[in-house]
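Shown next, in structure tokens, is the structure this report addresses.
The values are calculated or read from the model by the stated rules, or taken from the named source; none is laboratory data. None of these values were measured; they are calculated from a predicted model. Here the Cβ is made from the backbone with ideal geometry for all residues, glycine too, and neighbour counts use every protein chain on show.
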Amino acid sequence: MIIRTAPRIAFFVAALALQGVLSGSAVSAQEADPAITRGADDAVPLERSGRASRPAGDVTSETKAGPVLNESNGGTGGEAPASGITLFERMGAPLPDLPPEKTYEGPVDDAYGAYQRGLYLTAIDKALPRAQLGDPAAQTLIAELMSQGLGVKRDTKGAAFWYSQAAAGGYPAAMFKYAMLLMQGRDVKRDKAKADEYMKKAADAGNASAQFNWAQTLVTDNPGQKGLELALPYYEKSADQGIADAQYAVSQLYRTIIDLPEEKRAQARSYLARAAKAGFDTAQLDMGIWLVNGIGGEKDYDEGFRWLSIAANRGNVVAQNRLSHLYINALGTRPDPVEAAKWYVLSRRAGLKDTSLEDFYLGLTDDQQKQAIDRANRFRVS
């Protein structure tokens with residue numbers, strides 16, 4: 001079972017989303033396009049036959065999903081630059097008024113406010129008296145500060161104590177964090193039953209990361225179709241709150257669960273696109289494959305090439321292999337034997353064999369092979 005533990009961005013304790021980066025593992029239903037797969041022996045291009053290129057738990061950097069406008073293309077397609085007021089003319093001119101801010105009428109939490117401003121000692125001073133009186137939000141904040149060593153010496157056992165108190169008080173983020181500790185047996189005695197209890201409570205209370213993890217638990221504890229059907233509502237709730245791993249899982253389950261309503265099945269590609277745009281490289285790989293092969297919608301070779309390029313440049317080995325096939329077959333790009341060979345060399349070095357690409361590579365001239373190897377040697381993950 002894969003769990004979400006490491007944060008993708010700095011903790012925002014006020015909201016306590018506590019999001020992570022470990023990928024979900026859902027079954028993928030892929031169909032190969034004959035135009036892509038012809039001639040392949042032990043590899044099926046544009047299918048994810050190598051699964052993901054990164055191991056579970058590998059933290060990857062965010063990648064921009066759009067084309068970069070630079071001096072070479074100008075972003076104008078050859079048209080004349082737009083006319084209008086220049087930056088220098090704008091300098092010194094009065095700016096338009098900002099839209100009026102909505103009046104906040106909710107409770108003000110001085111402790112969390114201090115934490116958000118980086119005033120950790122102040123946050124502790126304000127939160128600790130409330131925590132000692134049983135305030136679960138303050139207890140969670142104290143636990144977070146102690147676990148990270150912010151304003152106080154790092155004390156993971158002390159943090160576990162405060163997480164347990166806040167979890168007993170029904171605070172969703174604390175229930176999620178304490179469930180993770182119980183599941184792993186870190187600073188507390190391992191207790192799966194209690195971990196499951198708190199994880200489900202946190203999920204039902206709306207914690208997005210708990211919803212994803214509880215869905216994973218349901219799939220693990222209930223093999224087959226039953227587990228997928230039980231997990232899907234939690235994946236959906238987590239996905240709709242922006243968890244990329246859950247969005248990817250929903251995209252896969254919408255195509256694999258039997259007797260799913262057609263309106264949901266039609267949304268599979270849109271969920272996959274959301275995960276891809278969030279920087280999830282396995283989703284970017286699948287997005288390229290789906291677009292090239294026409295899975296979940298119409299074929300779009302240009303967009304398929306773009307997504308596979310993004311995943312390949314991030315180091316996804318399967319995407320590098322598939323991108324080589326696109327260059328050979330001129331799908332979404334012009335044919336480029338040297339660039340095709342470069343991506344094949346990179347994927348072969350990583351251990352992904354493909355006899356059809358090997359035959360293609362051996363058919364190149366010595367100079368072309370030398371250029372491809374040189375490009376591969378200069379490649380750096382973006």
Quickly run through the stretch 225-246 and pick out the residues that are crowded, with 23+ Cβ neighbours inside 10 Å and assigned to a loop (DSSP other than H, G, I, E, B). I243
In the stretch 196-212, which residue that is among the aliphatic types (A, V, I, L, M) and part of a helix (DSSP H, G or I) is surrounded by the fewest Cβ atoms within 10 Å (Cβ to Cβ)? A208
Assess whether D240 counts as being farther than 26 Å from G169 by Cβ and modelled with pLDDT under 95. no
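For (1) in contact with a strand residue (DSSP E or B) (Cβ under 6 Å, 6 or more places away or on another chain); (2) in a loop (DSSP other than H, G, I, E, B); (3) farther than 24 Å from P172 by Cα, each residue gets a yes or a no:
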position: W214; (1), (2), (3): no, no, no
position: V219; (1), (2), (3): no, no, no
position: A249; (1), (2), (3): no, no, no
position: K264; (1), (2), (3): no, no, yes
position: L272; (1), (2), (3): no, no, yes
position: D286; (1), (2), (3): no, no, yes
position: K299; (1), (2), (3): no, yes, yes
position: D302; (1), (2), (3): no, no, yes
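When you scan the stretch 316-338, do you find a residue that is of a type in the set (D, E) and touching a residue at least 24 places away in the same chain (Cβ under 8 Å), even just one? Don't jump to the end; show me each part of the working.
Initially, the stretch 316-338 is screened for residues of a type in the set (D, E), giving 336.
Now drop any that are not touching a residue at least 24 places away in the same chain (Cβ under 8 Å), which leaves none.
So far as the stretch 316-338 goes, no, none of its residues is of a type in the set (D, E) and touching a residue at least 24 places away in the same chain (Cβ under 8 Å).
Could you grab me the full set of residues in the stretch 280-309 that are among the β-branched types (V, I, T) and crowded, with 24+ Cβ neighbours inside 10 Å?
Listed by number, the residues that qualify are T282, I289, V292.
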L260 meets each of (1) at pLDDT 95 or above; (2) not in a helix (DSSP H, G or I) with one exception, condition (1)
Taking the stretch 314-331 and the residues there that are out of contact with any Leu (no Cβ under 9 Å at 6 or more places or on another chain) and in a helix (DSSP H, G or I), the one that is surrounded by the fewest Cβ atoms within 10 Å (Cβ to Cβ) would be N329
Check F161 against each of (1) among the hydrophobic types (A, V, I, L, M, F, W, C); (2) modelled with pLDDT under 95; (3) more than 30 Å from A283 (Cα to Cα) and name the one condition it does not meet. (2)
Criterion violated by A249 - all others in (1) over 29 Å from N321 (Cβ atoms); (2) in contact (Cβ under 8 Å) with a residue 60 or more places away in the chain; (3) buried (at least 23 other Cβ atoms within 10 Å of the Cβ) satisfied: (1)
Cβ-Cβ under 9 Å, sequence separation 6+ or interchain: first residue in the stretch 222-237 and over 14 Å from Q252 (Cα atoms), partner small (G, A, S) and surrounded by fewer than 22 Cβ atoms within 10 Å (Cβ to Cβ). Which pairs? K237/G206
Only one of (1) more than 33 Å from the chain's Cα centre (by Cα); (2) modelled with pLDDT of 65 or more fails for I85. Which number is that? (2)
Take the stretch 107-127 and flag every residue that is assigned to a helix (DSSP H, G or I) and either in contact (Cβ under 8 Å) with a residue 24 or more places away in the chain or surrounded by fewer than 19 Cβ atoms within 10 Å (Cβ to Cβ) (or both). D110, A111, Y112, G113, Y115, Q116, Y120, L121, T122, A123, I124, D125
Taking the conditions exactly as written (at pLDDT 95 or above, under 20 Å from A208 (Cα atoms) and not aliphatic (A, V, I, L, M)), does S251 satisfy them or not? yes
